[in-house]
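Just so it is clear, none of the values below were taken in a lab; they were calculated from the coordinates. Predicted model, so just to flag it, every value in this text is computed and none were measured. For neighbour counting, all protein chains shown are included, and Cβ atoms are generated from backbone atoms with ideal geometry for every residue, glycine included.
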Amino acid sequence: MIHQYDEPVYLISVVAKILEIHPQTLRQYERENLICPSRTNGRIRLYSQRDIDRIKLILRLTRELGVNLAGVDIILRLKENVDGMEKEISELRYEVSKSQNAYAVSPDKAMVTKKSIYEMIIFEE
């Protein structure tokens, strides 16, 4: 069965096993507001693939780069801001492109003339 990227399907024990970390580490990340897993009606945490990828980034920052959790929080917020700006720039580029193309005339239609429905006939006497 294939799940959507944002679909919360993984229990905390499964995520901990996949990432080879203790479940308390995941709870700590949640207390620090670094991750926000979904909850069932019974308050069971469920993680999506997006959550797992975010946790992988947190682990990389802390383990490989030596960043503390406060620094991770700042980095993640900056990354979200940059991602949002890149999306906005992409949308603006698309709008500019669309508006430029709206006024462009194809070469085969550059000299279109419209005939009047009224024609004038002049008789000479």
* **Amide hydrogen neighbours beyond the local backbone of Ser38, cut-off 5 Å, H modeled** => Leu46, Ser48
* Structure fact -> If unit charges are put on Cβ atoms (+1 for Lys and Arg, -1 for Asp and Glu) and the dipole of segment 10-102 is taken about its Cα centre, the option from Gln49, Tyr29, Val15 lying farthest towards the positive end turns out to be Val15
* To do: Just order 93-99, 19-25 by mean Cβ neighbour count inside 10 Å, highest at the front, would you?
  => 19-25, 93-99
* Asked: Roughly speaking, what is the stretch gain from Leu78 to Asp53, that is 0.36 nm per residue apart minus the C-alpha to C-alpha distance, in nm to one decimal?
  -> 7.3 nm
* From the phi of every residue in segment 58-72, what ³J(HN,Hα) in whole Hz does the Karplus formula 6.51 cos²θ - 1.76 cosθ + 1.60 yield, where θ is phi - 60° and glycine or proline is x? -> 4, 5, 5, 5, 7, 7, 7, 9, x, 7, 7, 5, 5, x, 4
* Report the charge-dipole magnitude of segment 10-102 in Debye, nearest 20, computed about the Cα centre from +1 at each Lys and Arg Cβ and -1 at each Asp and Glu Cβ. => 380
* Calculate the spin-label point distance for Ile2 paired with Lys87, positioning each point 7 Å from the Cα along the beta-carbon direction, and give it in nanometres. => 2.3
* Do any trypsin sites (Lys or Arg not before Pro) in segment 42-83 lie in a loop, going by DSSP, with at most 11 other beta-carbon atoms within 10 Å of their beta carbon, and if so which? -> Arg43
* Note, ³J(HN,Hα) from phi for segment 47-54, Karplus 6.51, -1.76, 1.60, rounded to Hz, x at Gly and Pro -> 10, 9, 5, 4, 4, 4, 5, 5
* **Contact order relative to length of segment 10-102, as percent, for alpha carbon pairs under 8 angstrom and 6 or more apart** => 21
